[in-house]
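Here the structure is laid out as structure tokens; the discussion comes afterwards.
The values are calculated or read from the model by the stated rules, or taken from the named source; none is laboratory data. Quantities reported herein were computed from a predicted structural model and do not represent experimental measurements. Counting neighbours? That spans all protein chains shown, and the Cβs are built from the backbone with ideal geometry, glycine included. Each accessible area value is taken on the protein alone, full model and side chains, heavy atoms only, with ligands, DNA and RNA left out. Shrake-Rupley method; radii C 1.70, N 1.55, O 1.52, S 1.80 Å.
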Amino acid sequence: MKKAKRQSSATTGGGKGGETHQTTVSAKNTLTTNQGVPVSDNQNSLKSGARGPTLLEDFVLREKITHFDHERIPERIVHARGSGAHGYFQPLKNLSRLTKADFLQDPNRRTKVFVRFSTVAGGAGSVDTPRDVRGFAVKFYTEEGNFDLVGNNIPVFFIQDAMKFPDLVHAVKMEPDRGFPQAASAHDNFWDFVSLMPESMHMLMWAMSDRTIPRSLRHIEGFGVHTFRLVNAKDESTFVKFHWRPSVGAASTLWEEAVKIAGADPDFTRRDLWEAIESGDFPEWTLSIQAFDQATADKLDFDILDPTKLIPEEIIPLTPIGRMVLDQNPVNFFAETEQVAFHPGHLVPGIDFTPDPLLQGRLHSYIDTQLSRLGGPNFHEIPINRPVCPMRNFQRDGHMRMQVPPGRVNYEPNSLDPDSPRENHLKGFASFPDPNAGPKLRQRPESFADHYSQARQFWRSMTVPEQGHIVGAFTFELSKVEMLAIRRRMLGHLDLIEPELGARVAAAMNMKGEAEKITPAVAPRDDLDPSPALSLIGKAPATLKGRCVAALVTDGSDAKAVERLRQALSKEGAKLKLIAPKIGKMANGLVPDQTVEGAPSVLFDAVVLLPSEAGAKDLADMAAAINWIRDAFGHLKAIGFNEAAKPLIDKAGVAPNDKLGVISFEASRGLEAFIATAKKHKVWDREKLVQPPR
Ligand code: HDE
């Protein structure tokens, strides 16, 4: 019979009695159970005999394992993958003319916020860069309660009525029999559904545009989507649309980059947000509104309650009202980013809904979802969801109740406790008396029937490269669709949106003349002016702020040249990362951040090649290094290089050309020229060399 050795947790590392690392245990760092009971042994379960069965009585083990079993909660059915950050919001001016919302009165007052960005279709463990809408949800912890602005990075939506949401989400998520594709709309179910839902055409144009492959979460715009109301102290109401604009400008990747980033760094945008905040480069957005009254609403050629429509900024300009800065990473991903519970129905006095039928359905869904996701009706007591102002009412008990309400009274009205909470007619939330009610029916208003005009307007508002990307995206997605009838149906819709778009996608799929003829409920208009504000490239600021440039260096690289580059970039607000064949410190004193194989050029905004002559020779034999350069060229990035790198770029098939952004650092002002090009984000003139026009 084997003999057992007794092991104490303070003297062993958990092995079979081998390694011993002595640690000092005091009252302060004694491990306890969740009940606070000190644990004497965290290595061994309680057994009946050293080699006998484990005892049911081992409450320490059972508590630990039970807790572990429940470490994952049901993930969000949509927007499962998210990244969060804390920060603050500060109004730019007093907004009492429009709203009595307490947090919008004083430009000197900051309101804490928590923001969660997300993708929509993939699971919590999916990659950060699929082609997908990004969620942009902000919780404002105001003195009058929490206000949640639960928006997206696109100002319109796929559907007009909440009734269709489960169908939409079922269609876009993994197909139910096979469990794929994950986080991708490029499959039959999605295109089958949307091709039967003409109301989704406008949103599809946005979904197939560069908006759905953003450069980072710091580079997205945000929208409240629905029309809301602001209500002032005189109970006057103004309609508003909410817009977030990033201070660094909105920017996107190319599709091929997004695909390659997914492999190189599945956490690309989560990491980017985290690192930016850690380094003090705090992401910032301006909150603006489009404010308008009923008379203006009546003059618009679409219904402001229709969430598939936007109001062009050229018709109602944006009024900036505040600024949001994200300056603190979550302390704990699960406790905060995962457990945060947003709800469009979290409103404060001074902000109100409209009867947009999509918004109305959301008001039911979000609270309902939290009940199963967070386990019960007390999710508002989880620290990240708790209001910062006092919360008092007579809701009681339930699963996981944290509050310990004292006293005998748990009802209202009561005469036993004059200090207990009462309704307040003056300060309490009063709903704006909406005039739209009518007979009870299930009907879509006629005013929601034009599904193509704004989709056409979007197409006409794009720059030439953006139009090419839209054609490319439709071609990619529809080429993945196996059922011919679905492709044909979609081509019919694209013809209606804009004949040129339909023809280009049909040609790119080798399906000319195969479009199904679709009869629209309302013929698309031809007279809507383009809205330049809808184009990302058209309004992109020339800046390197918040960007990351990579320099390829080797043993023998000129450390001074690297330092000059670093300083020049830092002046522009950009970071430099050093990429080398090996990770250790080099003889020239340079310390690489990543290796060539670990950090392909898709992870950076622009690249510089600064190898030594000998180093360049070695790199020329590495496929990863040649692809590094080829990809940077193919992805339209500014490329700077020194003399020693010439053979390398030759081998990669990249010719020096200032105009096309392949810039020698040996030329006078080479570094300046490189920076000026990199500030433009992409060298669009190069695109026709790497992608024949579609
Ligand atoms: Fe959501 N949505 N949604 N949605 N949504 C959820 O709520 C829903 C819609 C949006 O980071 C869920 O707590 C319905 C539009 C964001 O935690 C769920 C309808 C917009 C997030 C839900 C919509 C959004 C969600 C899943 C149509 C842009 C992530 C987990 C009637 C304005 C919030 C949860 C976060 C999350 C329902 C349409 C934005 C199931 C029924 C339109 C950013 O309740």
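Can you name the number of the only condition in (1) at pLDDT 95 or above; (2) more than 10 Å from the ligand (Cβ to nearest atom) that ARG72 fails? The single condition ARG72 does not satisfy is (1).
For the residues ILE629, ILE675, the requirement of being touching an Asp or Glu at 6+ places or on another chain (Cβ under 7 Å), open to solvent by less than 20 Å² (accessible area, probe 1.4 Å) and among the β-branched types (Val, Ile, Thr) singles out ILE675.
If you go through region 571-580 and keep only what is more than 13 Å from ALA551 (Cβ to Cβ) and of a type outside the set (Asp, Glu), you end up with LYS571, GLY573.
Residue pairs whose Cβ atoms lie under 9 Å apart, separated by 6 or more positions or on different chains, with the first residue in region 297-312 and open to solvent by 30 Å² or more (accessible area, probe 1.4 Å) and the second of a type in the set (Lys, Arg), are ASP301/ARG525; ASP303/LYS309.
I'm trying to understand the selection: among the residues of region 413-450, which are of a type in the set (A, V, I, L, M) and surrounded by fewer than 10 Cβ atoms within 10 Å (Cβ to Cβ)? LEU416, LEU426, ALA437, LEU441, listed by residue number. How many residues does region 539-558 hold that are over 18 Å from SER570 (Cα atoms) and in the same structural domain as ASN642 (by TED's automatic domain parsing)? Counting residues in region 539-558 that are over 18 Å from SER570 (Cα atoms) and in the same structural domain as ASN642 (by TED's automatic domain parsing) gives 6. Residues of region 347-382 being open to solvent by less than 40 Å² (accessible area, probe 1.4 Å) and polar (S, T, N, Q), which ones? Result: THR354, GLN370, ASN378. From the list ASP658, ASP618, ASP631, the one residue that fits, being free of Cβ contacts under 8 Å to residues at least 24 places away in the same chain, touching a helix residue (DSSP H, G or I) at 6+ places or on another chain (Cβ under 9 Å) and at negative phi, is ASP658.
Please verify whether region 199-221 includes one or more residues that are under 22 Å from LYS139 (Cα atoms) and basic (Lys, Arg). Yes, region 199-221 contains at least one residue that is under 22 Å from LYS139 (Cα atoms) and basic (Lys, Arg).
Within region 359-380, residues that are under 19 Å from HIS226 (Cα atoms) have Cβ atoms under 6 Å from residues that are near the ligand (Cβ under 6 Å from one of its atoms) and open to solvent by less than 50 Å² (accessible area, probe 1.4 Å) in these pairs: GLY361/ALA162, counting only partners at least 6 apart in sequence or on another chain.
When the residues of region 70-122 are filtered to those that are aromatic (Phe, Trp, Tyr) and closer than 19 Å to ARG386 by Cβ, the one that is most open to solvent (accessible area, probe 1.4 Å) is TYR88. Of all the listed residues (ALA676, ALA652), the sole one being at pLDDT 95 or above, outside the structural domain of ASN510 (by TED's automatic domain parsing) and farther than 22 Å from ALA574 by Cβ is ALA652. Here is a check on your reading of the model: is PRO344 in contact with a helix residue (DSSP H, G or I) (Cβ under 6 Å, 6 or more places away or on another chain), farther than 17 Å from ASP293 by Cα and open to solvent by less than 10 Å² (accessible area, probe 1.4 Å)? Criteria met by PRO344. A single entry from ASP265, ASP235 fulfils the requirement of being open to solvent by 40 Å² or more (accessible area, probe 1.4 Å) and touching a residue at least 12 places away in the same chain (Cβ under 8 Å): ASP235. A search for C-beta distances below 6 Å between a residue of region 459-477 that is of a type in the set (Gly, Ala, Ser) and assigned to a helix (DSSP H, G or I) and any residue that is modelled with pLDDT of 95 or more and open to solvent by less than 10 Å² (accessible area, probe 1.4 Å), counting only pairs 6+ apart in sequence or on different chains, returns SER461/SER531; SER461/SER535; ALA473/MET208. Considering only residues that are more than 16 Å from the ligand (Cβ to nearest atom) and either of a type in the set (Lys, Arg) or outside the structural domain of PHE353 (by TED's automatic domain parsing) (or both), which ones fall in region 230-270? Listed by number, the residues that qualify are LYS234, ARG245, LYS260. Residue count for region 478-517, restricted to those that are outside any helix (DSSP H, G or I) and touching a residue at least 12 places away in the same chain (Cβ under 8 Å): 10. Can you say whether ILE626 is over 19 Å from GLU572 (Cβ atoms) and either modelled with pLDDT of 95 or more or outside any helix (DSSP H, G or I) (or both), as far as the supplied structure shows? Considered against the rule, which asks whether it is over 19 Å from GLU572 (Cβ atoms) and either modelled with pLDDT of 95 or more or outside any helix (DSSP H, G or I) (or both), ILE626 comes out as yes.
Scanning region 343-386 for residues that are more than 8 Å from the ligand (Cβ to nearest atom), within 24 Å of the chain's Cα centre (by Cα) and of a type in the set (Ser, Thr, Tyr) returns a single hit, SER372.
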